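Structure first, then comments.
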Amino acid sequence: MDEHKENIHGQEDHVKTSSVNEHEKEKPSSRLCPAGESAPQVSPSQSKGDFSHPVYKEIALANGHINRMTKDELRIKLAELKLDTRGVKDVMKKRLKSHYKKQKLMQTAAEGGPTDTYYDYICVVDFEATCEEDNPSDFLHEIIEFPMVLINTHTLEIVDTFQEYVKPELNPQLSDFCVKLTGITQKMVDEADPFPVVLQRVVSWLQERELGTKYKYAILTDGSWDMSKFLNIQCRVSRIKYPPFAKKWINIRKSYGNFYKVPRTQTKLSTMLEKLGLTYEGRPHSGLDDSRNIARIAVRMLQDGCQLRVNERMHGGQLLSVPSSAPVEGAPPPHNPRSRD
């Protein structure tokens, strides 16, 4: 629902911004140096004194050299290193800097130097929900497709997927606009289970993969809408408590914009794919296909050196930003849905 979400996102921007506490607003990235050079990040467990390690001077010098390279020079160097040569100039710069940084940090890690590790897995979620062509302000979107795509951050591969359709309760009859947009038919939702049952199977799927117990993981979404709006509304409609494992997530639009230094207008799914030299695979507005494509962007960002980490959360029904200075925590172990009653 990328384009449809983009339309309704705009209506919420002022509300969402005002719900963020002043002390929780995101601080400028620590990767920005006074001269505009990119400096590497380290794990939050590392102290500021770690930046005195000689490796950071070497990386900073390399970054300066890379910044002066032309697009053709970047492409030639990437090809020599057998790295991906697709994408715009800034993307290729990030990729080359990331490669050099990774090589130096791997070397220093073997010598007891700094490293940076966050999650073992990232779980991409992109809901499809009931909608009208012109949604009234009080329209209650109900989730009709629950997809998940699992990324192994160590192998940088998509390793598993989950998908189920969901039967809506308040508006069981899908609009013609919704069917055309999502490709989800009336028969699909009529034969599906209600949301609490599907959520229970999602929890079982996560538990079987030992996420939150053996492995550290985080949820990732394309924007704030999926968790702050769709899931929030759905839990109220289904009379269940908001699941704790979904209270914090990575908003890839924020991560992409901050990492590649681009404005919000360049963080739509189609634009992010294009700038990275990728093309959409599958059917647009299919929850599972959207999730797969978002996962491809996340993998490419990880390859380019972006340290994807939680940057948004729900608290007391309000959407808040998670400051970059906050401790990095994985999502808690998933548990079966609990009734609000």
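The values are calculated or read from the model by the stated rules, or taken from the named source; none is laboratory data. Because the structure is predicted, anything quoted here is derived from the model rather than measured. Cβ placement follows ideal geometry from the backbone for every residue including glycine, while neighbour counts extend to all protein chains displayed. Note: areas computed on protein heavy atoms with side chains; ligands, DNA, RNA excluded. Shrake-Rupley method; radii C 1.70, N 1.55, O 1.52, S 1.80 Å.
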Study note, to complete from the structure: Listed by first then second residue, the pairs whose first member lies in the range 316-341 and is more than 19 Å from residue 250 (Cα to Cα), whose partner is surrounded by 15 or more Cβ atoms within 10 Å (Cβ to Cβ) and among the basic types (Lys, Arg), with beta carbons under 8 Å and at least 6 positions apart or on separate chains, are none
Point to revise | Failed item in (1) farther than 30 Å from residue 180 by Cα; (2) in contact with a Pro (Cβ under 9 Å, 6 or more places away or on another chain); (3) open to solvent by less than 40 Å² (accessible area, probe 1.4 Å); (4) among the small types (Gly, Ala, Ser), with residue 330 passing the rest | key: (2)
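Condition check ((1) modelled with pLDDT of 85 or more; (2) part of a helix (DSSP H, G or I)) across all residues:
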position	(1), (2)
74	yes, yes
77	yes, yes
86	yes, no
92	yes, yes
98	no, yes
101	no, yes
109	no, yes
113	no, no
**Study point:** Scan of the range 283-308 for residues that are within 27 Å of residue 145 (Cβ to Cβ) and assigned to a loop (DSSP other than H, G, I, E, B), ordered by number
**Key:** 283, 284, 285, 286, 308
Point to revise | Condition broken by residue 255, with the remaining ones in (1) surrounded by fewer than 20 Cβ atoms within 10 Å (Cβ to Cβ); (2) among the polar types (S, T, N, Q); (3) under 20 Å from residue 324 (Cα atoms) satisfied | key: (1)
Practice item. Report, by residue number, each residue of the range 289-309 that is more than 19 Å from residue 95 (Cβ to Cβ) and open to solvent by 20 Å² or more (accessible area, probe 1.4 Å). Key: 289, 292, 309
**Study point:** Conditions (1) surrounded by 19 or more Cβ atoms within 10 Å (Cβ to Cβ); (2) within 19 Å of residue 334 (Cβ to Cβ): number failed by residue 205
**Key:** (1)
